[in-house]
Amino acid sequence: MKEIKILAIVGSLRATSSNHIVVKHLARLVPSDIDFQVYDGLGKLPLFDDSEITPPAVQDLRDQLKAADGVLICTPEYAFGVPGALKNALDWTVSSAELMNKPVALITASTGGEKAHAALLYTLEALSARVADDARLLISFIRARLKNGEVADADTLRALTSVLTAIIREAKLYKAEALSLHD
Ligand SMILES: Cc1cc2nc3c(=O)[nH]c(=O)nc-3n(C[C@H](O)[C@H](O)[C@H](O)COP(=O)(O)O)c2cc1C
């Protein structure tokens, strides 16, 4: 069995998304003892309605988040804000609190991205997620940093490795804390 689980959530639903390219790059860097999965249900989630009946797609999201020792969000900015599909997914977790105290890495990879990055940090604070300082990365001009469907810019490659190292460290700490609580 793998030691820890990290769930990646990509905020773009585009087939040729730069953010998917970034996450694919990270997936290749992940050590073999770590289970790194990419959530694929973002576009199938119903719109948040605070219903007391949990739709199956929402339960699946909550289950995947609960099972993860760390979460990595990688997203563009749309219209100076957080993509609606990603915000919708996060809204579904407010009452169920899967992100409470959970380590989260935030990568905003966009043309600019400053506003969505800042807004997401507020949302993650509202969800009581733990976002370590070195697990936050804003990559502006993302498309210029890609070539032939790969991340091609040396500074970006270094920064991505550093964020991945941070979320793995935080996820291991989280798992160790969880295990010690059960002793
Ligand atoms: C409707 C729309 C609105 C956008 N608004 C912004 C924006 O406000 N800020 C920004 O940095 N990029 C904006 N962009 C550009 C995206 O950052 C860029 O398309 C990025 O590559 C999208 O991420 P993806 O390749 O992972 O889909 C916008 C793109 C679209 C399609």
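The values are calculated or read from the model by the stated rules, or taken from the named source; none is laboratory data. Bear in mind the structure is a predicted one, so any value in this text is a computation, not a measurement. With ideal geometry, Cβ positions are generated from the backbone for all residues, glycine too; neighbour counts draw on all protein chains shown. Heads up: the accessible areas ignore ligands, DNA and RNA and are worked out on the full protein's heavy atoms, side chains in. Shrake-Rupley method; radii C 1.70, N 1.55, O 1.52, S 1.80 Å.
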- Query: Applying the selection to region 119-151, what residues are within 16 Å of the ligand (Cβ to nearest atom), open to solvent by 60 Å² or more (accessible area, probe 1.4 Å) and over 15 Å from T108 (Cα atoms)?
  - Reply: K147, N148, E150
- Looking at this structure, is S128 at positive phi, of a type in the set (G, A, S) and touching a residue at least 24 places away in the same chain (Cβ under 8 Å)? yes
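What residue, of G11, G43, G81, is within 16 Å of the ligand (Cβ to nearest atom), open to solvent by less than 30 Å² (accessible area, probe 1.4 Å) and more than 23 Å from I167 (Cβ to Cβ)?
Details: G11 fails: more than 23 Å from I167 (Cβ to Cβ); G43 fails: open to solvent by less than 30 Å² (accessible area, probe 1.4 Å).
When all the criteria are applied, what remains is G81.
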- Message: Whether any residue in region 19-27 is more than 16 Å from the ligand (Cβ to nearest atom) and either within 28 Å of E150 (Cβ to Cβ) or modelled with pLDDT of 95 or more (or both) is what I want to check.
- Response: no
- Item | First in region 4-30 and charged (D, E, K, R), second anywhere and surrounded by fewer than 20 Cβ atoms within 10 Å (Cβ to Cβ) and assigned to a loop (DSSP other than H, G, I, E, B), Cβ under 9 Å, 6 or more apart | K24/G149
- Query: Within region 136-153, is even one residue under 12 Å from the mean Cα position of the chain (by Cα) and free of Cβ contacts under 8 Å to residues at least 40 places away in the same chain?
  - Reply: yes
- Item | Filter pass, D35 being open to solvent by 70 Å² or more (accessible area, probe 1.4 Å), farther than 19 Å from V131 by Cβ, acidic (D, E) and more than 16 Å from the ligand (Cβ to nearest atom) | no
- Message: Between T123, T93, T108, which is free of Cβ contacts under 8 Å to residues at least 40 places away in the same chain, among the β-branched types (V, I, T) and under 25 Å from T54 (Cβ atoms)?
- Response: T93
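Residues being away from the ligand (no atom under 16 Å from the Cβ) and open to solvent by less than 30 Å² (accessible area, probe 1.4 Å): count how many of those fall in region 89-118. Step through it out loud before you land on a result.
Of the residues in region 89-118, the ones away from the ligand (no atom under 16 Å from the Cβ) are 90-105.
Subsequent filtering for residues that are open to solvent by less than 30 Å² (accessible area, probe 1.4 Å) retains 90, 92-93, 98-99, 102-105.
Final tally of qualifying residues: 9.
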- Checked against (1) open to solvent by less than 40 Å² (accessible area, probe 1.4 Å); (2) part of a helix (DSSP H, G or I), S162 satisfies every condition except (1)
- Residue among R28, R14 that is farther than 26 Å from E114 by Cα and of a type outside the set (F, W, Y): R28
- Message: Here's a check for you: in region 46-78, which residue that is without any contact (Cβ under 8 Å) to a residue 24 or more places away in the chain and of a type in the set (D, E) is most open to solvent (accessible area, probe 1.4 Å)?
- Response: E52
